[in-house]
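S.K.: Starting off with a structure, shown below.
The values are calculated or read from the model by the stated rules, or taken from the named source; none is laboratory data. What you are looking at is a predicted structure, and each value in this text was computed from that prediction instead of being measured. Please note: Cβ atoms are built from the backbone with ideal geometry, for glycine as well, and neighbour counts cover all protein chains shown. For accessibility, only protein heavy atoms count, side chains too; no ligands or nucleic acids. Shrake-Rupley method; radii C 1.70, N 1.55, O 1.52, S 1.80 Å.
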Amino acid sequence: MFSMNELNRMMTRRQFFGRSARGLGTVALASLLNDKLFADGSAGLRGTQGALPQLHFAPKAKRVIYLFQSGAPSHLDLFDPKPSLKEMTGKELPKTVRGDQRITGMTSGQAQLLVVGSPFKFEAHGRCGTEISELLPHTARIVDDIALIRGMYTEPINHDPAVTFISTGNQQPGRPVMGAWMSYGLGSENHDLPAFIVLLSGGGGQPLQARYWGNGFLPSVHQGVQLRSAGDPVLYVSNPQGISPEIRRGQLDDLKELNKIELENLADPEISTRIEAYEMAYRMQTSVPELMDISKE
């Protein structure tokens, strides 16, 4: 499968996008819905089209922004009170809770596995009566305007499979993440930028794997594109020294013709994705630097 990480291999013989990063992860899905993808059968799409030629219903959402805060405070201290846990603080973890599960490497050498409840006070707020920690006084004032889901759980006992589970619905790697599904299903109204972009910040905490924004078994055009805060917004988005936009355009046109021949011979839909990926990379050379320039904002 051709991946977004290979976009510029032909042009620079190096990877277009970086593979690894650490720290707080912020995943943003940019401008998802195409206003021409309404259920009225409008044609003449300009943006990135999703799996359907047109949506079943007129969309209302403009974009989805997903914040994954690696190393953030525990939900047990913020918005998920556990009264029984607090009552059991200092007691040994009951066998009925852990069962026969293995424990993590961080606790494998401990003589005891003691229960520790949150030390912070929780109170009910808003008309909904949702309990919020004293650590979140501002969130408590808008609790009626947000949705908190506290019924989710997962079997994985370690960080990485749990992160993979919340991103893909399965603790085993290899499935598309939420952003890839949104890109696949809805497309984007923006012709010059990917539907699914990734922003990273911070430098500590659990390592962030590139597969956390992977496309899995979906076409690689739906993989998240990582933007950087220093240097080129996207690795190698600039032309190498001595390569003008005209030369680059000629290279891509020649490559497109070769790919079209291969597509006719093999009928592999991934080749079409490859052609569009190269074209997107070319358009991003102009759109990404302008997008990331906040000097006039």
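S.K.: Is it the case, given these coordinates, that residue 222 is modelled with pLDDT of 80 or more and touching a Ser or Thr at 6+ places or on another chain (Cβ under 6 Å)?
M.R.: So residue 222 passes the test.
S.K.: Right, something else. Given the criteria under 18 Å from the mean Cα position of the chain (by Cα), open to solvent by 20 Å² or more (accessible area, probe 1.4 Å), farther than 26 Å from residue 157 by Cβ and among the aromatic types (Phe, Trp, Tyr), does residue 196 qualify?
M.R.: Answer is no for this residue.
S.K.: Let me ask something else about it. For residues that are assigned to a loop (DSSP other than H, G, I, E, B) and touching a residue at least 60 places away in the same chain (Cβ under 8 Å), tally how many sit in the range 216-231.
M.R.: Here the count works out to 3.
S.K.: Same structure, new question: Can you tell me which of (1) more than 18 Å from residue 158 (Cα to Cα); (2) at pLDDT below 90; (3) not charged (D, E, K, R) is the one residue 85 doesn't meet?
M.R.: The failed condition is (2).
S.K.: Return yes when residue 96 is under 28 Å from the mean Cα position of the chain (by Cα) and exposed (fewer than 12 other Cβ atoms within 10 Å of the Cβ) and no when it is not.
M.R.: Judged against the criteria, residue 96 is not a match.
S.K.: In the range 50-92, which residue that is touching a Gly at 6+ places or on another chain (Cβ under 7 Å), part of a loop (DSSP other than H, G, I, E, B) and touching a residue at least 60 places away in the same chain (Cβ under 8 Å) is surrounded by the most Cβ atoms within 10 Å (Cβ to Cβ)?
M.R.: Per the criteria, the residue is 50.
S.K.: So, residue 189, is that one surrounded by fewer than 19 Cβ atoms within 10 Å (Cβ to Cβ) and of a type in the set (Asp, Glu) or not?
M.R.: Spelling it out, it is not the case that residue 189 is surrounded by fewer than 19 Cβ atoms within 10 Å (Cβ to Cβ) and of a type in the set (Asp, Glu).
S.K.: Across the range 102-158, which residue is nearest to residue 88 (Cα to Cα) among those that are out of contact with any Asp or Glu (no Cβ under 9 Å at 6 or more places or on another chain) and of a type in the set (Ser, Thr, Tyr)?
M.R.: Among those residues, the one meeting the criterion is 107.
S.K.: Does the range 132-172 hold any residues that are under 28 Å from residue 103 (Cα atoms), open to solvent by less than 70 Å² (accessible area, probe 1.4 Å) and not polar (S, T, N, Q), and which are they? It would help to see each step written out before you state the result.
M.R.: Step one: filter the range 132-172 for residues under 28 Å from residue 103 (Cα atoms), giving 149-172.
Filter once more, keeping what is open to solvent by less than 70 Å² (accessible area, probe 1.4 Å): 151, 154, 156-158, 160-165, 167-170.
Hits for the range 132-172 are 151, 156, 157, 160, 161, 162, 163, 165, 169.
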